């Protein structure tokens, strides 16, 4: 199926492993990724806070770009998902705001009619691609692995922006996928909490404390690794993990995988293809457990 | 511990906090004792608004007349005059404190219509007026730095040489008893809804203020005047504000008729509350009800009004009954709501017991007489809270208590220890309360008669006797709520007794008291207040006090 | 219908009810949480009953020693906020059948705040934060006559209605992740209350308030996670009020703090290149002359470089970036 693929800034910047693995899993899932190469940053919520009208216009532009190619907009980042879905929700409900946005993007030759659906890869796997198709692509069951899901705030809250009132099951898709891939999901409170990324530049220790707490809780519950659909969470949980361990004065050493990487592993791909050798917290321990099952 | 203050205020609702603020402003050393955090006080449940004759073409006289007529002429007119004359200044003061009152198109205070008013004079904040006033007043208390003893439960007033000089309170968090020694006490701990089941009142409205004053020797007045609010939600008893009717809601029966045309053809849904409650009770009795309720219909008001001006009740109906009032009418019935009677006070909040002041729902000045108009209660609390605060501050300058006995601390401790030590014999506070409250709803409800009242009185005395055997299921010290609830049942029994005694004594129907054996109002014999006074070891003493009439002679009360 | 309730019991006197069952230890990382045991009760109630109905039934019929705060039963007084299945809710507003997980409902005091007893949370931290923001009107000069109200448009009052609906239940603070790690954070309720006064046209302390709120533990300590919006039973949406405060603070010129610098650097980056320049965002937020702050970020930068995760030094612009700049130009709304 064809999707308007929105990569988001981070998968092209500090998390190239996300982009690489997302590209790799498209084919087995039957996804035709039409990348919106000219789409700007959504603002990640920061822009919406200080320059709400600019954020509206930029998000409207992205939505219009997807509408132009007549496909659902697929995100691979919880934050992109939350921000885009949020603006989409508001624009659809407020004709005056929509008018303002269209006035702003008209000069650039775009117009948004409000028909784009914004869906994270995580949702598409269950709702559009279908779990049977995903199951059919599995070459390597991840049996024996205990995996802790980490959703990322913006794919869970606020519920009305994300269609969670109508489809509350979206709050359990990660667990369902983990089970489908043959592994055991770990139940822990941090799964739905904030990783602290929004504050990492201006409230470092608190941010690291948050990330560290969730990692430690997952570890205490027996997790071998975390999986997350948000590269910003990934940065705070993986790239900042050594610093988090320092702040909490505890050893952590829990690898964190992106969702497409986990899928890629199950689909039988090689770790290097999925850039699993490009993490701050080494993934070798996980890979050894998985290789043994081949 | 023994703590000294000039004035102790009991209760941190609107009346209590307003009184304390005024006392502090007058330079006296004041502290508030409250069994819940101030913001949890039941003032927060008042929804519709607060009355004042500010608008053009309005006058305090008009407001006063409406109030007096509303009271079925039992109100003391000098007190009503004071309240209505001072209302505008009090509202403006609260606006200056920051209350976010609704504004009209000129940016000035705007009104909504309310029951029993000849013109719209109710000022409001959405449908959370009580809460808006309460949180603003709490912030002012913080600003003024008034001391609050939070989660301290009063167990007894202290009377020395015939004057009230403080109180004893249980600090819930530690279980320690404290004696707050003062020169005056302002009792603002009103509300006794839990004496009835169902009621709109919170679980904390257990008649503490009334019983404490009663036991200290202050007389309770007009206790039989218990207001049944016409629109309480079926089942739970939650309040559906009168403001709904102010915005235009209808009351309909099972046939879809606006039945009030037969009972209050002029004012219809905006007649006085007792009139409407009786109308509903009669309709339901006739068989025109729906499962023992009538229906409140807001469908024709539309989302603009309902969602903007009545959002809280809209949500409540969805939450507790699954009904969207934009689409369906809501079942409601009369539920016990407010106590017009209370501790007798003069227009400055002074009770016949020197040193004891009272204001708010607990006081009977009387401004509400036999029936209270909607949006007059919030007004009552702030006007008389202020006046009592000022009066108490002036009073304490003239007082020097002589004896400094602390024996009460020991006697209270013994009383509590005895209660805690009782073995379990089958009586629990919950069961006793429910028996009492169901009895009161049945026998002392919208319609009463001699036989039912006598039965109630006998049962109450039996419950009091059983209360003497009540055991407390928690023997700890930290936050012992079982102990608190056991003490509260004691207060409720005292209140219930005074209510029934008043109802029996008043052989007429007036305002909220509707006796099927005396269905007419009898000004010749009963235009007077009934007082009940506690006498240790004997039956309570009943007496009368005249109704003060200034400008308005009693007339027939028709809506 | 039968419901099973698991209650977190705690008594500082060390005495539990006679039939207390030893439960599992509370999970880390909330190792600062007060130790507690879980006691299970079964109640028979109508199917639409709420958690509070169950707790009252337990207290009245089975165990008088269960301590909890409640008053109005109708989501007005704010007394009964507690953790229900791990999230802060009002017990009187939570239907049992919606909060049954694995056949039971677990209620307890939230672990991030001190406990007095059982379900009675010590709300002192909450009330202290409330008082810290000086939550009262500091009046602008009063209108002409003593009997005159301020003239303000109704929209200005309606704007404040959202915050005035706050019943101080504490659910937002109980689930605030930033507060859980940093107890000094003012928290959602206090900040929302601060907005209510900042935005009140009758208040004279506008600038001072914004300055104070831009300071340590104020608006920039919020992690923007929407938990408070999600958990608030009254639709106050504290995060929205915090974001409004952030914008007002930046507009008023209080930009000499990492949070404001971060926001401006972000906007500047998107305007310039159409996307986020991660390489410069961190140093710009920390403050280019903040040597200690910069040094703190060095280890993670080195780690990322080693893992090949450092963004390319030459920051590329997106194709069609002119479009983005045109939009910024046209829509404006830049902080001054």
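Here, each number is a calculation from the coordinates, and none is a lab measurement. Predicted model, so just to flag it, every value in this text is computed and none were measured. Note that we place each Cβ from the backbone using ideal geometry, even for glycine, and neighbour counts take in every protein chain shown.
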Neighbouring partner chain Cβ atoms per residue of A:240-248, average, 10 Å criterion: 2
If R0 is 25 Å, what FRET efficiency do you get for residue B:523 and residue B:449 from their C-beta distance, rounded to 0.05? 0.75
What distance in nm lies between label points placed 7 Å from Cα along the C-beta direction at residue B:328 and residue C:298? 6.9 nm
Mind giving me the FRET efficiency for residue C:48 and residue B:257? R0 is 22 Å, r the Cβ-Cβ distance, nearest 0.05 is fine. 0.15
I need B:276, B:284, A:25, B:186 ordered by Cβ neighbour count within 10 Å, fewest first. B:284, A:25, B:276, B:186
Between residue C:322 and residue C:147, what length comes free when the chain is fully extended (0.36 nm per residue of separation minus the Cα-Cα distance, one decimal in nm)? 57.2 nm
Tell me, how many Å apart are the Cα centres for the range C:176-241 and for the range A:1-63? 31 Å
Say a paramagnetic label sat at a point 7 Å from the Cα of residue A:92, along Cα to Cβ; which residues of the range A:102-119 have their backbone N under 11 Å from it? A:114-119
Between residue B:539 and residue C:315, how many nm apart are label points set 7 Å from Cα along the C-beta direction? 9.1 nm
Computed over chain B: longest principal axis from alpha-carbon atoms vs helix B:429-443 long axis, angle to nearest 10 degrees, is 40 degrees
List residues of the range C:124-159, by number, whose backbone nitrogen lies under 11 Å from a label position 7 Å along Cα→C-beta of residue C:215. C:133
Rounded to the nearest 500, what is the 222 nm mean residue ellipticity of the protein assembly as shown from helices alone, with -39500 (n - 2.57) per DSSP H run of 4+ residues and division by all residues? -11500 deg cm²/dmol
In which sequence would A:195, A:80, C:232 go, from the one with the fewest C-beta neighbours within 10 Å to the one with the most? C:232, A:80, A:195
Label-point gap, in nm, between residue B:174 and residue B:419 - each point 7 angstrom along Cα→Cβ: 2.0 nm
Please give the FRET efficiency for residue A:133 paired with residue B:307, using the beta carbon to beta carbon distance and R0 = 41 Å, rounded to the nearest 0.05. 0.40
Between helix A:95-106 and chain A, what is the angle of the helix's C-alpha long axis to the longest principal axis, kept within 0 to 90° and rounded to the nearest 10? 90 degrees
Before anything else, pin down the relative contact order of chain C: Cα pairs under 8 Å, at least 6 apart, normalised by residue count, whole percent. 13 percent
In degrees rounded to 10, the 0-90 angle between helix C:258-273 Cα long axis and the longest Cα principal axis of chain C is 50 degrees
Full-extension gain in nm, residue C:251 to residue C:291, via 0.36 nm per residue minus C-alpha separation: 11.7 nm
Need one number: % antiparallel among DSSP beta bridges in the protein assembly as shown, to the nearest 5. 60 percent
So what's the gap between the Cα centers of the range A:259-292 and the range A:161-211, to the nearest angstrom? 20 Å
